[in-house]
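S.K.: Okay, here's the structure, questions in a sec.
The values are calculated or read from the model by the stated rules, or taken from the named source; none is laboratory data. Being a predicted model, the structure only gives us computed values, none of them experimental. Here the Cβ is made from the backbone with ideal geometry for all residues, glycine too, and neighbour counts use every protein chain on show.
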Amino acid sequence: MKYLKEAFDRNHVFPLGPNVAGFEQDLQKYLNTRSVVCLSSGTAAIHLALINLGIKEGDEVICSSFTFSASANPIRYLQARPVFVDSEPQSWNISPEMLEHAIKDRITRKKRLKAIIIVHLYGMPANLDAILQIAEKYDIPVIEDAAEALGSSFRDQKLGTFGEMGILSFNGNKIITTSGGGALVSDNQSYNEKALFLATQARDKAPHYQHSETGYNYRMSNILAGIGRGQMEVLNERISKRRENNFFYKEALKDIEEIGFLHEPSTDYFSNYWLTTILINSKNLHREDLRLFLEKYNIETRPLWKPMHLQPVFKDVPAYVDGTSEHLFDIGLCLPSSSIITDDEREFVVQKIKQYFRA
């Protein structure tokens, strides 16, 4: 409210202003990166990242299949072609083995493979050592979709800072929110300058309105950035709460042998555990049965992301899969994981899950 009041008092109710600059500086400091450009959404950030890499019609971009559609939709904005790659069981993120197989096959087919979009799903870091080694081997730039992973890190380096560019989301369901918003992150100043130019309608330097390129209305507003500045002050509390939720559920449900969890594969991985997820490993019980049972008690759970290679809109897209993400989708649920969930509410969720498995 402090930042919003200041914006209104100074009549800074427009797309640019001190809150935007302040929010960008807060993010730069937190991520230990050179530059951040705040935008209207994480989707806009992916779109501008692809433009920065020169993606054009007919090019191909590898993308994690196990993700939300916003990771892949911007590829289509540029008339390029997504190529989906399946997950590894350890992190649920893009499989390095399948990634290299896909790259080799696309090269053999003489396709123009121009970028790789990796996703840090549910806040869990991807296998960055292996992925970046493969990307470097084949000289393919990496875009990190860290929309769900602000605050997560790999070997103490914040996610979103490993690839050529990283993207963040501040949508209403994220670990911190500006209601709607996102950011492009890069140590390459030219990428950020180009993104800023395109995000503000690509206006040329002239006293009149002149445009030599197609621009976009992608800049974050000063009002929403004010919310973001306030949220940055409680980001560490939000991360602690999400991790506490995850620990609580793991401890409370550890004796139910049919329930499995996503774990940090090693001490190199630090997840914000944006959402706590479970897997129902049972021949007789299906995650949809549990979901509907909990719904009767006003407990909202959701299936894991439906893989992109199963989505009707991408039915004709090349996919390199081995069944991992399909299996996770079939048996997985997201539990209530809000930063404001109460102890009593979590206890109620656990009580009802235990009741279901006792029935």
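S.K.: Pairs only if they're at least six apart or on different chains, beta carbon under 8 angstrom, first in the stretch 269-291 and hydroxyl-bearing (Ser, Thr, Tyr), second surrounded by fewer than 16 Cβ atoms within 10 Å (Cβ to Cβ) and part of a strand (DSSP E or B); list them, first residue then second.
M.R.: THR276/PHE261; THR277/PHE261
S.K.: When you look at ALA45, is it touching a Gly at 6+ places or on another chain (Cβ under 8 Å), closer than 30 Å to SER221 by Cβ and either polar (S, T, N, Q) or in the same structural domain as ASP26 (by TED's automatic domain parsing) (or both), yes or no?
M.R.: So ALA45 fits the description; yes.
S.K.: When the residues of the stretch 282-299 are narrowed to those that are assigned to a loop (DSSP other than H, G, I, E, B), over 26 Å from the mean Cα position of the chain (by Cα) and not hydroxyl-bearing (Ser, Thr, Tyr), which ends up nearest to GLU237 (Cα to Cα)?
M.R.: ASN298
S.K.: Please go through the stretch 179-202 and pick out each residue that is out of contact with any Ser or Thr (no Cβ under 7 Å at 6 or more places or on another chain), surrounded by 15 or more Cβ atoms within 10 Å (Cβ to Cβ) and without any contact (Cβ under 8 Å) to a residue 60 or more places away in the chain.
M.R.: PHE197, GLN201
S.K.: Does any residue of the stretch 86-100 turn out to be outside any helix (DSSP H, G or I), over 19 Å from the mean Cα position of the chain (by Cα) and modelled with pLDDT of 95 or more?
M.R.: No, that holds for no residue.
S.K.: Which residue is farthest from ILE280 (Cα to Cα), if the candidates are limited to the stretch 300-359 and must be surrounded by fewer than 16 Cβ atoms within 10 Å (Cβ to Cβ) and among the β-branched types (Val, Ile, Thr)?
M.R.: VAL313
S.K.: Check ASN272, ASN246, ASN222, ASN217 and return the single one that is in the same structural domain as LEU121 (by TED's automatic domain parsing), of a type outside the set (Lys, Arg) and closer than 22 Å to ASN173 by Cα.
M.R.: After applying the criteria, what remains is ASN222.
S.K.: On to the next question. Cβ contacts < 9 Å: first residue not assigned by TED's automatic domain parsing to the domain that holds ARG302, restricted to the stretch 330-356; second residue among the small types (Gly, Ala, Ser), any location; separation 6+ or different chain. Result?
M.R.: none
S.K.: Here is a further query. Step by step: first the residues of the stretch 105-154, then only those that are within 24 Å of GLU57 (Cβ to Cβ) and without any contact (Cβ under 8 Å) to a residue 40 or more places away in the chain, then the one that is surrounded by the most Cβ atoms within 10 Å (Cβ to Cβ). Which residue is that?
M.R.: Per the stated criteria, the residue is ALA135.
S.K.: Can I ask one more? What number of residues within the stretch 176-213 are of a type in the set (Val, Ile, Thr) and assigned to a strand (DSSP E or B)?
M.R.: 2
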